[in-house]
Amino acid sequence: MTEVEDEIITLPVDERYHTAIESYKKAYKESLEQPETFWSREAGIIDWFKKWDKVLDDSNPPFFRWFVNGKLNASYNAVDRHVLGGKRNKVAYIWVAENGDEKIVSYDGLYYRVNNFAKALLDMGIKRGDRIILYMPMILEAPVAMLAAARIGATFSFVFAGFGASALAERINDSQATLVVTADGSFRAGKIVKLKEIVDEALTMSSTVKTVVVVKRTGIDAPMQEGRDVWWDDVIGHGSNYVKPEEMDANDPLYILYTSGTTGKPKGVVHSTGGYSVWIANTLKWAFNPGDDDRWWCAADIGWVTGHSYIVFAPLFLGLTSILYEGAITYPAPDRLWEIIEKYRVNMLYTSPTAIRTLMRYGTKYPKMHDLSTLKVLGTVGEPINPAAWKWYFENIGDSKTPIIDTYWQTETGGFVISPSNGLGLPPLKPGSATFPVPGIDPTILDESGKEVKTGQKGFLVFKKPWPGMFMTLNNDPERYKEVYFKKYGMYYTGDYAVNDHDGYFWLLGRADEVLKVSGHRLGTIEIEDALISSNEVAESAVFGRPHEVKGDAIIAFVVLKEGEGGDGDIVSKLRNHVRETLGPIYTPDEIHIVGALPKTRSGKIMRRVVRAVFLNQVPGDISTLENSASVDEIKSAIELVKRETSL
Ligand code: PRX
């Protein structure tokens, strides 16, 4: 750590702003010392139908409410105001299909489509407050459906189209959605994923859905159930279908997004309409400072929070032109990203460390094939970036000129929380550090007992104050919201380890809980264990991560089979397939080890950390830290058991 800490890269501050780090410091100070003044001004980035009465109501912590009684509509801010305000003909999206086809949609075109689908939703009986599920590929209909829901005040929950049937059913059930929007299939690395079939299977495990709207994307046969399933093209109108945007309260939910936690059940993160919108529009401006003529490309999937905030809402609120790319980054060849940057003269690229590490393995030959000179700013998100990948990105993609904006944040935070602020005053960068908190975020690093750690020491990252983009609660589970995030320290606990160095820079060091980061995707070990147990063969399982040089974490599973199971040699591939179909391909374990027994505490809890420590050859000197609910003797015999079972 000290080696990289000492390496500082100072870049000229964006010339359009001519500010130094001092103006970031000034804004940051004001945001914490005079939040009323600060947020009253910054909330002006959004058009409000009615101004709020109070910036923050903190009378019922941890249920903080921002912009109390303010009224707005997210779809109005994304399209109407640009159509009315002089950007009618500006390009909103350049959509690039996996096969290279393109569609270019102006703000007016987007407005037309959003109104049409909003009308269709109303005609299908969806009204304000209803919940709908979107299970869609990276096609234009995806942002259209999100904005149409927001327009009529329906709460959408987007389920990443890589999830399997059980994962989808669970989200439908928890959200009590009555309508699903999907596609017949999606293109992924040259193959077709039959999305509609997965929806059909999920609907055998849920009962609230009355209507399924299907976009024809691939043209494959999709079984349509009479009375329930309709084609997108058949329900959208083709005339002037203006739908007046609902006046939503700042604290009405905009969407629910499920994310993994430390139990088998995903958490339904509920985002507000007002605070969230103010947060993501400002953070995009502060961190990347996009100009009106810049072309922005957030190369994430729309089904994750990065796509929600920075492919859909924030760039549209700011009236930017975005790239929306349908397919895989290495398909048909590893120069796909670079080819798109050259062809569409992209100015800002925002992607994940896993994507960078993947492309880095192919060498510099591929980026060198293309003119990348339009790039001004590069960004990363989703997992810590190792200095080697940072430097490769900086030197080979950014030509050692463009800042790397390493944005640390979470589904729960709504938008960036620790990140360099290129739009306020760019700090000198340290490869691998997300640098400083964005205005409004008051971080500290604590030890297990709640004491602040010393400079340079690792601890748990906590935010001391609420911020406008923070989620409002967990769907159907306010108790879990309090318990998971606020009980430990009485303030927002991120679940991440961090260090603050002698210059005040923050370094994010990964999850401190039972959550994995696999290719930037957040996965719960217990979800995978539950999926393994739901197969016919498995009695018990322990899942954990092993550091992987490209993906961040590789998924390792230890399983005990039920009596009499496992006779045929194919059990490992059978179990891998089972997890793939239940939860989705990203959850597929990299390794499955069949053992005769797993160590357990007296209360029956499997000692996952012990298995992991033995497997990774990392049994600590102080073994009591491995499992706080077991005695040292129990842990010792647990270690022996794992060694015996695995001959390690
Ligand atoms: O562990 C942190 C890691 O990703 C987690 C949040 O995952 P998710 O809710 O899926 O959101 C991902 C997109 C925002 C965090 O708790 N993480 C995210 N960004 C970074 C990061 N770790 C280090 N550096 C980052 N820039």
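When we screen Lys216, Lys210 for residues that are open to solvent by 30 Å² or more (accessible area, probe 1.4 Å), touching a Phe, Trp or Tyr at 6+ places or on another chain (Cβ under 7 Å), of a type outside the set (Asp, Glu) and farther than 22 Å from Glu581 by Cβ, the only hit is Lys216. The set of residues from the range 186-216 being assigned to a loop (DSSP other than H, G, I, E, B), in contact (Cβ under 8 Å) with a residue 40 or more places away in the chain and within 24 Å of the chain's Cα centre (by Cα) comprises just one member, Ala189. Apart from one condition, Ala557 fits all of (1) within 32 Å of the chain's Cα centre (by Cα); (2) surrounded by fewer than 17 Cβ atoms within 10 Å (Cβ to Cβ); the exception is (2).
Take Asp447 and tell me if it is among the charged types (D, E, K, R), in contact with a Gly (Cβ under 7 Å, 6 or more places away or on another chain) and surrounded by fewer than 18 Cβ atoms within 10 Å (Cβ to Cβ). In short, yes. A search for C-beta distances below 6 Å between a residue of the range 32-49 that is more than 16 Å from Tyr276 (Cβ to Cβ) and any residue that is among the charged types (D, E, K, R), counting only pairs 6+ apart in sequence or on different chains, returns Leu32/Asp442; Phe38/Glu30; Phe49/Lys71; Phe49/Glu247.
With respect to (1) more than 27 Å from His308 (Cβ to Cβ); (2) in contact (Cβ under 8 Å) with a residue 40 or more places away in the chain; (3) open to solvent by less than 10 Å² (accessible area, probe 1.4 Å), the lone exception for Ala531 is condition (1).
Just one of the numbered conditions (1) surrounded by 13 or more Cβ atoms within 10 Å (Cβ to Cβ); (2) at pLDDT 95 or above; (3) more than 20 Å from Ala281 (Cα to Cα) is not true of Ile21: (2). Restricting attention to the range 41-92, the residues that are of a type in the set (Ser, Thr, Tyr) and assigned to a loop (DSSP other than H, G, I, E, B) total 1. When we screen Ala167, Ala222, Ala183 for residues that are under 28 Å from Gly100 (Cα atoms), in contact (Cβ under 8 Å) with a residue 40 or more places away in the chain and among the small types (Gly, Ala, Ser), the only hit is Ala183. Taking the range 477-514 as the range and being of a type in the set (Gly, Ala, Ser) and closer than 23 Å to Arg171 by Cβ as the test, only Gly495 passes.
Go through the residues of the range 402-412 one by one and say whether even a single one is modelled with pLDDT of 95 or more and more than 30 Å from Arg336 (Cβ to Cβ). Among the residues of the range 402-412, at least one is modelled with pLDDT of 95 or more and more than 30 Å from Arg336 (Cβ to Cβ), which makes the answer yes. The set of residues in the range 238-262 that are within 16 Å of the ligand (Cβ to nearest atom) and either more than 19 Å from Phe67 (Cα to Cα) or open to solvent by 20 Å² or more (accessible area, probe 1.4 Å) (or both) comprises Ile256, Leu257, Tyr258, Thr259, Ser260, Gly261, Thr262.
Where strands (runs of 3 or more DSSP E) sit wholly within the range 468-576, those with at least 3 residues that are of a type in the set (Gly, Ala, Ser) and away from the ligand (no atom under 16 Å from the Cβ) occupy 538-548. Answer yes if at least one residue in the range 140-152 is buried (at least 20 other Cβ atoms within 10 Å of the Cβ), at pLDDT 95 or above and more than 27 Å from Lys210 (Cβ to Cβ), and no otherwise. No, every residue in the range 140-152 fails to be buried (at least 20 other Cβ atoms within 10 Å of the Cβ), at pLDDT 95 or above and more than 27 Å from Lys210 (Cβ to Cβ).
Being open to solvent by less than 50 Å² (accessible area, probe 1.4 Å) and more than 26 Å from Glu326 (Cβ to Cβ): is that true of Leu110 here? No.
Does the range 494-501 contain any residue that is surrounded by fewer than 22 Cβ atoms within 10 Å (Cβ to Cβ) and farther than 24 Å from Ile555 by Cβ? Taking every residue of the range 494-501 in turn, at least one turns out to be surrounded by fewer than 22 Cβ atoms within 10 Å (Cβ to Cβ) and farther than 24 Å from Ile555 by Cβ.
Being part of a loop (DSSP other than H, G, I, E, B) and either of a type in the set (D, E, K, R) or within 19 Å of the chain's Cα centre (by Cα) (or both): is that true of Lys454 here? Spelling it out, Lys454 is indeed part of a loop (DSSP other than H, G, I, E, B) and either of a type in the set (D, E, K, R) or within 19 Å of the chain's Cα centre (by Cα) (or both). Number of residues in the range 421-460 that are of a type in the set (A, V, I, L, M) and more than 15 Å from the ligand (Cβ to nearest atom) equals 4.
The values are calculated or read from the model by the stated rules, or taken from the named source; none is laboratory data. As the structure is a computational prediction, the values presented were derived from the model and not from experiment. Note: ideal-geometry Cβ built from the backbone for every residue, glycine included; neighbour counts use all protein chains shown. Ligands, DNA and RNA are stripped out before the accessible areas are found, and what is left, the full protein with its side chains, is counted by its heavy atoms. Shrake-Rupley method; radii C 1.70, N 1.55, O 1.52, S 1.80 Å.
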